[in-house]
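Chemist: I'd like to ask you about the structure that follows.
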Amino acid sequence: MAKALLGHVGGLDPRMVSEMRRLQQRIRDLEAELTRLQAQNDALAAQSRDEAFSLQDREPALT
């Protein structure tokens, strides 16, 4: 039964193992990129809020 699940008698296909490792590395890379972009987005949102607050504190211009 286990042999039928693996697809052949010889065990795991080295190409399949290699592809699985490559895909796992790609997932880790994408997760790291997502974390980096979320941090960058949070920093930009905080900067935007700070700028909005500083604009509210200004005196109106004389016309």
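The values are calculated or read from the model by the stated rules, or taken from the named source; none is laboratory data. Since this is a predicted model, take the numbers as computed values, not measurements. Neighbour counts are summed over all protein chains in view; Cβ atoms, including those assigned to glycine, are modelled from backbone coordinates with ideal geometry.
Chemist: Do we find that residue 36 is in a helix (DSSP H, G or I) and either surrounded by 10 or more Cβ atoms within 10 Å (Cβ to Cβ) or modelled with pLDDT of 95 or more (or both) in this structure?
Modeler: Working: in a helix (DSSP H, G or I): yes; either surrounded by 10 or more Cβ atoms within 10 Å (Cβ to Cβ) or modelled with pLDDT of 95 or more (or both): yes.
So residue 36 passes the test.
Chemist: Looking at residue 11 and the list (1) of a type outside the set (Val, Ile, Thr); (2) loosely packed, with under 10 Cβ neighbours inside 10 Å; (3) modelled with pLDDT under 85, which single condition is not satisfied?
Modeler: Looking at each condition in turn, residue 11 falls short on (2).
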